[in-house]
Amino acid sequence: MGAGRLAAGFLAFAVALTPSVRPRRAAAASPNAAAAAARDSVRALSIRYAYGAAASLATAALEPQARKGVADSILASIAEWRLQALSRGGWYARPETWAAADEAIRLKERAFGRDHRELARTLALASTVHMLAGNGEQAESLAQRSVTIYERAADPDSLLPRVNVSIKVSA
């Protein structure tokens, strides 16, 4: 089954499952609108604990032929929701989940830059995935990078208390 048919099938499933997430009519005319509808469906499936369906729909939406003409920020959001679905579904110890984490990070960097808070959130999620999988060094590296970005982006006049984050992973 081709990726396009697979994506259409999962999108139809998602729409049937969540009537409030019906794709807009513009989805057929605009790659961004279609990708945004897929992102919204992935999010809705994840929220409803349908992690396998969410991850499959997101994977189909991130296929090379589905990416043509889609904004990097939408692709990055789909990739992050896929990573969330995979980790919440308990598939954090699989190499394909680690590859999904790497892709989400790459897409966030491309869409927002290397020092953006959106990237920091994805790095924190990827760190959690690696920590749960027992990849301590990778988890620590990603977490430290996330904390560094958050610290640089912090508003010094913020009312939020400063938090001293210490990351220590035992073997």
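The values are calculated or read from the model by the stated rules, or taken from the named source; none is laboratory data. Since the structure is predicted, the reported quantities are computational estimates derived from the model, not experimental observations. When we count neighbours, we look across all protein chains shown, and the Cβ atoms used for this are built from the backbone with ideal geometry, even at glycine. Note: areas computed on protein heavy atoms with side chains; ligands, DNA, RNA excluded. Shrake-Rupley method; radii C 1.70, N 1.55, O 1.52, S 1.80 Å.
Of the accessible area of segment 55-95, with the probe set at 1.4 angstrom, what percent is carbon plus sulfur?
50
What is the calculated FRET efficiency for residue 140 to residue 30, with r their C-beta to C-beta distance and R₀ = 30 Å, to the nearest 0.05?
Here the calculated transfer efficiency is 0.15.
If the label point is 7 Å along Cα→Cβ of residue 99, which residues in segment 55-85 have backbone nitrogen under 16 Å from it?
Within reach of a label on residue 99: 55-65, 79, 82-83.
What FRET efficiency comes out for the pair residue 73/residue 49, r = Cβ-Cβ distance, R0 = 25 Å, nearest 0.05?
Plugging the Cβ-Cβ distance into 1/(1 + (r/R0)^6) gives 0.45.
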